[in-house]
Amino acid sequence: MTTDCTGQSRIDAATGLTNATGSSYSDRPTVDASLRNRLLNLPGNTVVRTGHGEDTTVAAERPNVPTP
């Protein structure tokens with residue numbers, strides 16, 4: 001089984017925390033691009049461990065990652 005730990009990038013079928021005041025987090029377009037270019041290129045059955053909530057899979061997350 002392949003697993004990807006996304007941390008705060010993915011939270012329950014949504015993009016996680018971005019551009020928080022006083023943080024080093026990236027802005028939302030940067031996080032979404034990273035998810036599209038890295039996460040979505042993994043096999044669909046890859047388990048995604050999100051920052052909060054239940055584990056999911058890449059296949060389940062594909063429809064939830066915004067496109068430009």
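The values are calculated or read from the model by the stated rules, or taken from the named source; none is laboratory data. Computed from a predicted model, the values in this text were never measured in an experiment. Cβ atoms come from the backbone with ideal geometry, glycine included; neighbour counts cover every protein chain shown. Surface areas here come from the heavy atoms of the whole protein model, side chains and all, with no ligands, DNA or RNA. Shrake-Rupley method; radii C 1.70, N 1.55, O 1.52, S 1.80 Å.
Selection within the stretch 1-42: residues that are open to solvent by 50 Å² or more (accessible area, probe 1.4 Å) and acidic (D, E). The member of this set that is modelled with the highest pLDDT is D27.
Hey, could you check the stretch 43-56 for residues that are more than 16 Å from V31 (Cβ to Cβ) and within 12 Å of the chain's Cα centre (by Cα) and say which is surrounded by the most Cβ atoms within 10 Å (Cβ to Cβ)?
Per the criteria, the residue is T56.
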